[in-house]
Amino acid sequence: MGKELPEFLEILKEKDSEYAENILENYEKRFTDEALSAKTKTLIALALDAGNGDVEGVKALTKRAKELGATEDELLEVVEVVEGTCSFQGLAVAIEALD
């Protein structure tokens, strides 16, 4: 994974590189095209991060979703689903996907 890692993974990689590499390998595997496309999986993860209040996760996953071809309309629908399931608290975080 040649991308910049979140700080917590950088620390883990420094402390136990083998364990961190296993986590990253599993992450990459989970976000490949299978029954669901990588883009769909990324949009699901974005919604979950928004529902959990993870602003930085939403920003990172929005960037990744766009790289995978997600449109503004798709991102808007994710934001709307988050609001519908997590109310305004989720919406306040999910709106970062539209920035």
What's the extension gain from Tyr19 to Asn52 if we count 0.36 nm per residue and subtract their Cα-Cα distance? 9.4 nm
What's the magnitude of the charge dipole for the chain around its Cα centre, counting Lys and Arg as +1 and Asp and Glu as -1 at the beta-carbon? Answer in Debye, nearest 20. 120
Surrounding charge for Lys41, neighbours by C-beta under 14 angstrom, Lys/Arg +1, Asp/Glu -1, total -2
Taking only Cα atoms, what is the 0 to 90° angle, nearest 10, from helix 38-51's long axis to the longest principal axis of the chain? 70
Extreme residue, positive dipole direction of the chain, given options Leu12, Val58, Leu24 (C-beta unit charges): Leu24
With angles folded into 0 to 90 degrees, how steeply does helix 17-30 sit against the dominant principal axis of the chain? Use alpha carbons for both and round to 10. 40
Could you check how many percent of all C-alpha pairs in the range 30-99 are farther apart than 16 Å? 37
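Full extension from Thr40 to Ile95: what is 0.36 nm times the residue separation minus their Cα-Cα distance, to one decimal in nm?
18.0 nm
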Greater than 26 Å apart at Cα, pairs in Lys15/Lys39; Lys39/Lys59; Lys29/Lys63; Lys29/Lys66: Lys15/Lys39
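Every number in this text was worked out from the coordinates using simple rules, so none of it is lab data. This is a predicted model, so every value here is computed, not measured. Positions of Cβ are generated from backbone atoms using ideal geometry, with glycine treated the same way; all protein chains shown enter the neighbour counts.
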